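Heads up: the structure comes next, in structure tokens.
The values are calculated or read from the model by the stated rules, or taken from the named source; none is laboratory data. Quick caveat, the model's predicted, so the values are computed rather than measured. Neighbour counts run over all protein chains shown; Cβ positions are idealised from the backbone, glycine included.
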Amino acid sequence: MTSIGDAEMVDWKLAVATATRLAKPGPEVSRDEAREVVAELRRHAKASERHVREFTRMTSAGEGADTPVLVVDRAGWVRANVAGFRAVLGPLLDKMQDRRGNLPGGAVLGAVGGKVTGVELGMLLSFLASRVLGQYETFAPASRDMPGSAAAGGRLLLVAPNIVQVERELEVDPHDFRLWVCLHEETHRTQFTAVPWLRDHIEGEIQAFLGETEVDPVTLLERIREAVQSLAGGRPPEEDGEARVGRSIVELVQTPAQREILGRLTAVMSLLEGHADYVMDGVGPRVVPSVVEIREKFQKRRATGAGRLDAALRKLLGLDAKLRQYRDGERFVRAVVDEVGMDGFNRVWTSPNTLPTKAEIAKPADWVARVHRQPEG
């Protein structure tokens, strides 16, 4: 389906193997400690369900029972995300396959391109696998070892070794920190289970973005290679300057039509991330005794990253944009709730037409004026 000749354009199994092999080992814990962390995260995830729904007044069909919570290690996170990438990128890879015969280097790509791309994708995932605390995995199909919602394949992932590592680095109460993380991630699960059209809308936007992609396989490999070389130290930031690391991979391959789509995607992702932060801060003081300390230390860690090389790679991968989404989105949600209350804010979930634009994320009053002057429904 996604091959050049007899070779896949992306060797997905090799990507998983590479990421699993290169991912840094997690923190040292005994077997009993590991079992307790897993059990506690599951308890907190269940408790967070009730806390989030009471605070947001959003109700999921079937109380979310159809969307599993999976406590995973770094390898499990890698497998889930490779499955997601494979599902989302399939149409783009098919398009690239159709064009391969007219491209320079097509024969070489047919022989080795899939393995090269698999290794380089695996290297990127190995970097991310040690940093993600949790994730609502939206697009990957359910499998025997990675169950998902029967309706849409969704599942909530909690990456246990990363949560333990961060709570130790921050020197915060581990029980409070685990619940605090679960509150954020459960908000994402609630968003998708309570708003049935949201998954299809985002997937449609992503496919529209990919459908406008004119990049050839050689160029795409170059973009991935830039990120990997930054990670490996092959091109230090000070040698390549802003021209090399000043833009993310996504920005480097955009067409004018893609910029419009990306603006809409940025707005909705800002909404989702900001809403999760807002809920976490709203619920936290009631159920997490040390929430003020946790929030302060975590925000500082989120803003500073782990050093110059880490910062350069985050920029190249577009992760800095995600940090802005947390900040701008939370500011939007807070301003709207202050103006029209939680029920008024929840009109954002009515349809794609009531989602904020990128400009409205920056000017919440414009969203209030547009949506609340329209008749309900």
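Set side by side, the residues Arg347, Arg334, Arg370 differ, and just one is without any contact (Cβ under 8 Å) to a residue 24 or more places away in the chain and assigned to a helix (DSSP H, G or I), which is Arg370. In region 85-92 there is at least one residue matching the filter, namely being more than 30 Å from Gly282 (Cα to Cα), within 22 Å of the chain's Cα centre (by Cα) and of a type in the set (Lys, Arg). Residue-level analysis places Lys46 outside the set of residues that are farther than 27 Å from His188 by Cβ, modelled with pLDDT of 85 or more and either of a type outside the set (Ser, Thr, Tyr) or in a helix (DSSP H, G or I) (or both). Among residues belonging to region 65-98 that are crowded, with 17+ Cβ neighbours inside 10 Å and of a type in the set (Lys, Arg), point out the one that is modelled with the lowest pLDDT. Ranking the candidates gives Arg86 first.
Of the residues examined, Val112 is one that is modelled with pLDDT under 85 and either closer than 21 Å to Leu272 by Cα or assigned to a helix (DSSP H, G or I) (or both). Evaluating Gly62 against the criteria (1) modelled with pLDDT of 90 or more; (2) farther than 18 Å from Ser130 by Cβ; (3) surrounded by fewer than 20 Cβ atoms within 10 Å (Cβ to Cβ) leaves one unmet condition, (1). Residues that are modelled with pLDDT of 90 or more, of a type in the set (A, V, I, L, M) and part of a helix (DSSP H, G or I) occur at least once in region 254-267. What do you reckon, is Leu271 modelled with pLDDT of 85 or more and within 20 Å of the chain's Cα centre (by Cα)? For Leu271, the condition - modelled with pLDDT of 85 or more and within 20 Å of the chain's Cα centre (by Cα) - is met. If the condition is being in contact with a Pro (Cβ under 7 Å, 6 or more places away or on another chain) and either at positive phi or of a type outside the set (S, T, N, Q) (or both), then region 157-189 contributes Pro161, Val164, Glu167, Arg168, Asp176.
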